[in-house]
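These notes concern the structure reproduced below.
The values are calculated or read from the model by the stated rules, or taken from the named source; none is laboratory data. Just so you know, these numbers come straight off a predicted model, no measurement behind them. Cβ atoms come from the backbone with ideal geometry, glycine included; neighbour counts cover every protein chain shown.
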Amino acid sequence: MTAASTRMPSRPQAVWSAGRADLDGLPDAWGVNIAYEAVDRHVKHGHGDRVALRCLRADDLVRDVTYADLSRASNRFANALRRLGVGPGDRVFLLLGRVPELYVAVLGSLKAKAVVAPLFSAFGPGPVTQRLRLGDGRVLVTSADLYRRKVATSRGDLPALRHVLLVDGPAGDSAGRGDSGDLADAGVAALPAVLAAERDEFEIPPTDPEDMALLHFTSGTTGTPKGAVHVHEAVVAHQATARAVLDLRPGDIYWCTADPGWVTGTSYGIVAPLCVGATVIVDEREFDVGRWYATLAAHRVNVWYTAPTAIRMLMRAGAARAREHDLSALRLVASVGEPLHPEGVTWGEEAFGHRIHDTWWQTETGAIMIANVPGMDIRPGSMGKPVPGIEVAILALGEGGRAAVRHGAVTEIVEPDAVGELALRPGWPSMFRGYLHAEERYEACFAGGWYLTGDLARRDADGYLWFSGRADDVIKSAGHLIGPFEVEAALLEHPAVAEAGVFGVPDPIAGELVSARVSLRPGYEPTAALRRELIGFARKRLGAAVAPKFLDFDQQLPKTRSGKIMRRVLRARALGLPEGDVSTLDQPGGAS
Ligand code: 6R9
């Protein structure tokens with residue numbers, strides 16, 4: 001045992017056994033199914049009348065969906081999948097805004113033991129179709145508009161995609177046969193009509209806790225996006241952290257502002273709060289300072305899980321805006337996704353009377369791993385400490401800036417305050433079980449008995465963890481993880497572009513913004529018009545959330561001897577920093 005292991009929380013496995021015992025399990029010992037724990041068991045225990053979803057619609061109407069409603073609607077969805085021949089392990093992709101149908105589809109798919117793969121509705125056609133292809137998407141639940149704009153033209157490249165269910169139905173076709181206009185492709189149907197034909201009852205089949213439940217795409221430095229595989233057992237960690245970190249209690253009003261197209265919006269926007277029997281605010285509209293405060297006040301939100309980008313936008317509007325509202329119902333405000341700078345933590349106190357609790361986790365970890373739990377003495381700027389059941393190490397770095405691995409072994413840094421790669425001891429319930437079709441990339445995440453996170457951090461003498469940056473080149477913009485390779489590949493599709501390097505530059509609100517440097521093919525001139533054209537070209541393919549905000553020309557992109565473009569040098573150049581010392585470039589608003 002190393003020195004670090006002796007500081008680990010007591011008997012991590014015992015924590016998870018207790019978490020498992022807190023679940024109902026399927027009747028007749030048929031295993032564990034996330035949707036049963038999230039919805040049906042509350043109905044069984046007599047809480048069917050409790051509101052599960054409070055949907056704030058774009059037209060200002062508020063629609064409540066009770067646990068009993070959600071149980072029936074998801075049963076109908078599960079029956080529909082069965083009728084369509086969609087079975088265990090088949091992938092159901094979701095490309096939707098924050099609408100109730102999304103929750104019905106997630107829970108119904110899980111009941112039918114299909115695998116849920118959420119997509120961000122602001123992605124352009126490129127990222128959408130690529131993920132559908134990589135994940136062998138068999139069913140897509142979306143809207144007619146999103147389908148037309150992002151999928152229809154590539155339908156021929158998606159042979160596995162058999163069924164498209166439109167929440168608003170193909171226009172003009174109330175029968176749901178989907179035989180109207182340009183939506184005439186086989187398998188396009190109106191979801192409302194499909195559901196109306198199904199029964200309210202569905203018996204969840206036996207579900208092994210190790211059965212695949214969710215597929216979350218995430219990005220690395222190179223290559224295609226990676227589909228992180230999660231299993232039904234993950235619900236143990238969702239429920240345990242909802243209680244221990246977010247302090248969620250039955251009947252609480254809870255608002256998670258993350259989009260359900262990303263892992264936070266699924267794990268903590270759907271699964272975790274429903275497991276504890278809370279009421280989830282589902283806000284269809286985008287960020288707006290006044291409306292957000294009005295929402296917190298009018299619905300008497302008790303627990304609010306948000307992100308640094310949103311907090312910085314609220315800060316810009318001033319704490320006085322918050323104090324115009326009665327936010328007395330708020331018990332806990334937590335944050336995730338990017339570094340929460342110390343000013344953000346203390347600003348919470350000024351604005352809401354609560355310091356903001358930072359939490360850290362990743363798509364791969366499935367649930368919160370490090371947090372400032374309620375009652376803990378918060379050190380502004382620190383991510384907090386490992387949650388019960390999680391063991392963390394800081395590993396000594398090698399030349400490439402990642403943990404040094406020699407003969408399969410790594411070195412733990414035990415002295416305080418030294419920066420190294422953050423690593424976690426595998427074995428927690430919500431840990432990803434693989435990257436779909438990419439065994440080698442999965443294996444590469446582990447060394448010396450640790451899962452390597454790709455983040456750099458330090459631990460102080462009291463065990464608090466401080467984020468100090470990414471060890472790789474991925475970009476976090478407004479909390480969204482963006483792979484530079486995916487952006488470079490899109491730029492390279494333009495005939496003018498010979499080479500492209502993509503990197504993040506600091507931004508006071510979004511944390512980082514995507515920036516690109518390209519070299520041009522012979523015959524093209526580096527003009528302002530071409531710059532605009534390339535940015536527009538990337539936006540059309542990738543969507544505005546992923547495309548570069550800035551683009552510059554450079555015929556001599558810096559490269560390693562093996563010919564790899566050095567993104568960190570590009571970043572240093574863009575920021576006017578010395579190129580030799582790129583390792584010290586911290587994240588903007590960095591917590592350290
Ligand atoms: C949940 C989620 C994971 C990466 C992670 C890290 C960054 C997340 C953070 C944080 C500093 C925090 N990150 N929480 N950085 N402080 N509290 O965001 O998952 O999209 O996979 O991103 O986000 O770099 O490695 P995902």
Of the residues in region 352-386 that are away from the ligand (no atom under 14 Å from the Cβ) and within 23 Å of residue 417 (Cα to Cα), the one that is surrounded by the fewest Cβ atoms within 10 Å (Cβ to Cβ) is 377
For residue 221, state whether it is among the hydroxyl-bearing types (Ser, Thr, Tyr) and buried (at least 20 other Cβ atoms within 10 Å of the Cβ).
no
List the residue pairs whose Cβ atoms are under 8 Å apart, where the first residue sits in region 441-457 and is under 14 Å from residue 405 (Cα atoms), the second is away from the ligand (no atom under 15 Å from the Cβ) and β-branched (Val, Ile, Thr), and the two are 6 or more positions apart or on different chains.
447/405; 447/410; 448/405; 448/410; 450/410
Exactly one condition in (1) outside any loop (DSSP other than H, G, I, E, B); (2) closer than 30 Å to residue 50 by Cα; (3) aliphatic (A, V, I, L, M) is not met by residue 314; state its number.
(2)
Can you find even one residue in region 480-498 that is surrounded by fewer than 20 Cβ atoms within 10 Å (Cβ to Cβ) and either assigned to a strand (DSSP E or B) or within 16 Å of the ligand (Cβ to nearest atom) (or both)?
yes
So residue 455 fits all but one of (1) within 12 Å of the ligand (Cβ to nearest atom); (2) assigned to a helix (DSSP H, G or I); what number is the exception?
(2)
Of the criteria (1) more than 13 Å from the ligand (Cβ to nearest atom); (2) over 21 Å from residue 220 (Cβ atoms); (3) crowded, with 22+ Cβ neighbours inside 10 Å, which one residue 395 fails
(2)
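Is there a residue in region 298-308 that is more than 20 Å from the chain's Cα centre (by Cα) and of a type in the set (S, T, N, Q)? Give the derivation first.
Taking region 298-308 and keeping what is more than 20 Å from the chain's Cα centre (by Cα), we get 298-302.
From what's left, of a type in the set (S, T, N, Q): 302.
Yes, region 298-308 contains at least one residue that is more than 20 Å from the chain's Cα centre (by Cα) and of a type in the set (S, T, N, Q).
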Of the residues 415, 349, 440, only one is out of contact with any Leu (no Cβ under 7 Å at 6 or more places or on another chain) and either within 16 Å of the ligand (Cβ to nearest atom) or closer than 24 Å to residue 213 by Cβ (or both); which?
440
So, residue 561, is that one out of contact with any Phe, Trp or Tyr (no Cβ under 6 Å at 6 or more places or on another chain), touching a residue at least 12 places away in the same chain (Cβ under 8 Å), more than 16 Å from the ligand (Cβ to nearest atom) and not assigned by TED's automatic domain parsing to the domain that holds residue 125 or not?
no
If I filter region 55-101 down to residues being small (Gly, Ala, Ser), buried (at least 21 other Cβ atoms within 10 Å of the Cβ) and in contact with a Lys or Arg (Cβ under 7 Å, 6 or more places away or on another chain), which single residue comes out as nearest to residue 160 (Cα to Cα)?
78
